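The values are calculated or read from the model by the stated rules, or taken from the named source; none is laboratory data. Because the structure is a prediction, the values reported are computed rather than measured. Virtual Cβ from ideal backbone geometry, glycine too; neighbours counted across all protein chains shown.
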């Protein structure tokens, strides 16, 4: 049975290592698309050969011109255009969102052929909580900028996911330990390839492990969420209530502090009334 693909944009998830992970529907699309927009034609050529595709490729990446993007969107009116990254799902730390945005603005058909993602695969391998997570992509290369980004998420109660390169890995892990605290973490690399590896430990241990021997391959770092925050002291609670009551009625002040400190509103209201009567 020959599958017919309508004109539009097809976001195609490719393998992150093992070429056999390409889905049958994605392989069929790569054989039948009118044109395939790729990050690097040298990388994508291997996948197209595996899929039995001889369809033309057009390089499309972060530095592509608006003119090229407009041309691709125009072609989507009558042709099936596939978007393929070097590995995994396009738009995850890869170029592409502007093409999707412009395609939708032009009223083009847009769909995805889902498949592998290194971030999600590494999360499942890490053994860390998966109920809430935040994807951070690559950290900045400069120390101050890297520290600023980590400071922004230090209080986020979620597992954090980072992409990283071998030469930068030890320094990045050390920065995470310094800013986030010495949390449980996992370094996952070469997913679905021959030398796939998952190493777990606290951030400082992992940083020391890779100081003199930077690993090769594509790397994902998974960092556990911060521990439970200590319960606020009675003095801190009273101070928060007094400050809030200077601005708000007692009931609203109790509600604000309850939300801020994660405490029971009724208990705080009763305490606020005592503080008010004793003032």
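In table form, for the structure just shown:
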| quantity | calculated |
| --- | --- |
| Residue in region 174-197 that is outside the structural domain of residue 85 (by TED's automatic domain parsing), within 21 Å of residue 12 (Cβ to Cβ) and over 18 Å from the mean Cα position of the chain (by Cα) present | yes |
| Condition met for residue 88 (buried (at least 21 other Cβ atoms within 10 Å of the Cβ) and either modelled with pLDDT of 95 or more or assigned to a loop (DSSP other than H, G, I, E, B) (or both)) | yes |
| Condition check for residue 124: assigned by TED's automatic domain parsing to the domain that holds residue 219, surrounded by fewer than 17 Cβ atoms within 10 Å (Cβ to Cβ) and either closer than 18 Å to residue 28 by Cα or under 18 Å from the mean Cα position of the chain (by Cα) (or both) | yes |
| Residue check for residue 201: surrounded by 13 or more Cβ atoms within 10 Å (Cβ to Cβ), part of a strand (DSSP E or B), outside the structural domain of residue 92 (by TED's automatic domain parsing) and at positive phi | yes |
| Selected residue (only one of 187, 179 is under 16 Å from residue 218 (Cα atoms), in contact (Cβ under 8 Å) with a residue 24 or more places away in the chain and surrounded by 15 or more Cβ atoms within 10 Å (Cβ to Cβ)) | 187 |
| Within region 146-171, considering residues that are touching a helix residue (DSSP H, G or I) at 6+ places or on another chain (Cβ under 7 Å) and either without any contact (Cβ under 8 Å) to a residue 60 or more places away in the chain or surrounded by fewer than 21 Cβ atoms within 10 Å (Cβ to Cβ) (or both), the one nearest to residue 224 (Cα to Cα) | 154 |
| Set 220, 257: member being part of a strand (DSSP E or B) and in contact with a helix residue (DSSP H, G or I) (Cβ under 9 Å, 6 or more places away or on another chain) | 220 |
| Residues of region 59-105 that turn out to be in contact with a helix residue (DSSP H, G or I) (Cβ under 8 Å, 6 or more places away or on another chain) and closer than 22 Å to residue 4 by Cβ, as a count | 9 |
| Cβ pairs under 6 Å, 6+ apart, first in region 119-133 and within 9 Å of residue 220 (Cβ to Cβ), second part of a loop (DSSP other than H, G, I, E, B) | 121/191; 123/130 |
| Criterion (farther than 15 Å from residue 171 by Cβ and under 19 Å from the mean Cα position of the chain (by Cα)) met by exactly one of 226, 232 | 226 |
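Conditions tested, residue by residue: (1) surrounded by 13 or more Cβ atoms within 10 Å (Cβ to Cβ); (2) over 26 Å from residue 195 (Cβ atoms); (3) at pLDDT 90 or above.
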site: 48; (1), (2), (3): yes, no, yes
site: 55; (1), (2), (3): yes, yes, yes
site: 105; (1), (2), (3): no, yes, yes
site: 109; (1), (2), (3): yes, yes, yes
